[in-house]
1. Look at region 51-61 and say how many of its residues are surrounded by fewer than 18 Cβ atoms within 10 Å (Cβ to Cβ) and part of a strand (DSSP E or B).
2. Are any residues in region 68-90 within 20 Å of VAL15 (Cα to Cα) and within 12 Å of the ligand (Cβ to nearest atom), and if so, which ones?
3. Filter region 1-26 for residues that are in a helix (DSSP H, G or I) and aliphatic (A, V, I, L, M) and give the result.
4. Take the conditions of a type in the set (Lys, Arg), in contact (Cβ under 8 Å) with a residue 12 or more places away in the chain and surrounded by 14 or more Cβ atoms within 10 Å (Cβ to Cβ) and apply them to ARG24. Does it pass?
5. So, of the residues in region 95-106 that are under 9 Å from the mean Cα position of the chain (by Cα) and of a type in the set (Val, Ile, Thr), which turns out to be surrounded by the most Cβ atoms within 10 Å (Cβ to Cβ)?
6. Pick from GLY79, GLY90: which is part of a loop (DSSP other than H, G, I, E, B), on the phi > 0 side of the Ramachandran plot and touching a strand residue (DSSP E or B) at 6+ places or on another chain (Cβ under 8 Å)?
7. Consider GLY92 carefully, then state whether it is farther than 24 Å from MET41 by Cα, buried (at least 21 other Cβ atoms within 10 Å of the Cβ) and either of a type in the set (Ser, Thr, Tyr) or in contact with a helix residue (DSSP H, G or I) (Cβ under 6 Å, 6 or more places away or on another chain) (or both).
8. Filter region 27-48 down to the residues that are touching a residue at least 40 places away in the same chain (Cβ under 8 Å) and in a loop (DSSP other than H, G, I, E, B), then identify the one that is surrounded by the most Cβ atoms within 10 Å (Cβ to Cβ).
Amino acid sequence: MEDTPKHQGLRNQLVSKLREKGIRDEAVLKVITSVPRHLFMDPSLVNFAYEDNAYPIAADQTISQPYTVAYQSQLLEVGPSDKVLEIGTGSGYQTAILLGLTPLVYTIERQQLLYKKTQRLFSKLGLRPKKHLFGDGYLGFQAEAPYDRIIVTAGAPEVPKKLLNQLKIGGKMIIPIGDKEQLMTRFTKTSSTSFDKETFGRFRFVPLLQHKN
Ligand code: SAH
């Protein structure tokens, strides 16, 4: 499948909608304008790629709603030399958005089927995260810690302590916290043991799972 002027037109409309819904970060909007979301979708759903909705992908997971991707990316405030850890690669769409903001992206997925599928897609599209890992995101990725930014794209019943430990001082983590419904939460690390916590809107994510099925 390719990216056509029609897709570009639909993306421009999507970005206008995201602006209307309150997304203001121009760097984020610019990347959303350029990343072909339809290439990250299940083939049977490509016609919906530029609707502002979440859709099923493989392994009972979902590609996040564009508004949610934009909202989390905006809160993350990624600079061009920031090292970013993403938990929950899924379709790879959020990863592609992050890669438009910084080349230093590390991403972890725990569903093997999705991991393999998305790995093939990354190589087809020429997307090169620093590392795309198969594993349990609760553990983070200590080998490359500390990170300037951490983004969790699944709903966490509680805050994974290891992830907070892997943040740089001054670093930020965006994580939806809760069971059925999640409160978007941003932690800013102010010293090796202290954090500022801010909460934002309510969202619904698939759960961050602790043990491999
Ligand atoms: N950013 C993705 C969101 C996918 S949904 C996208 O827009 O496509 C959340 C993803 O988190 C799923 O792929 C799910 O398998 C993954 N996930 C759940 N628990 C995890 C864990 N403990 N470690 C890593 N990934 C996890």
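1. We begin by selecting, within region 51-61, every residue surrounded by fewer than 18 Cβ atoms within 10 Å (Cβ to Cβ); these are 51-53, 56, 58-60.
When the remaining residues are screened for being part of a strand (DSSP E or B), the result is 56.
Of the residues in that region, 1 qualify.
2. Quick first cut of region 68-90, residues within 20 Å of VAL15 (Cα to Cα) only: 68-78.
Selection gives THR68, VAL69, ALA70, GLN72, SER73.
3. To start, the set of residues in region 1-26 that are in a helix (DSSP H, G or I) comprises 5-20, 26.
LEU10, LEU14, VAL15, LEU18, listed by residue number.
4. Working: of a type in the set (Lys, Arg): yes; in contact (Cβ under 8 Å) with a residue 12 or more places away in the chain: yes; surrounded by 14 or more Cβ atoms within 10 Å (Cβ to Cβ): no.
No.
5. Looking only at region 95-106, we keep the residues that are under 9 Å from the mean Cα position of the chain (by Cα), and these are 95-98.
Adding the requirement that they be of a type in the set (Val, Ile, Thr) leaves 95, 97.
On the way: THR95: 28, ILE97: 26.
Looking at the filtered set, the residue picked out is THR95.
6. Result of the check over GLY79, GLY90: GLY90.
7. Numbers: farther than 24 Å from MET41 by Cα: no; buried (at least 21 other Cβ atoms within 10 Å of the Cβ): yes; either of a type in the set (Ser, Thr, Tyr) or in contact with a helix residue (DSSP H, G or I) (Cβ under 6 Å, 6 or more places away or on another chain) (or both): yes.
Considered against the rule, which asks whether it is farther than 24 Å from MET41 by Cα, buried (at least 21 other Cβ atoms within 10 Å of the Cβ) and either of a type in the set (Ser, Thr, Tyr) or in contact with a helix residue (DSSP H, G or I) (Cβ under 6 Å, 6 or more places away or on another chain) (or both), GLY92 comes out as no.
8. VAL35
The values are calculated or read from the model by the stated rules, or taken from the named source; none is laboratory data. This structure is a prediction, so every number in the text was calculated from the model and none was measured. Glycine gets a Cβ as well: all are built from the backbone with ideal geometry, and neighbour counts include every protein chain shown.
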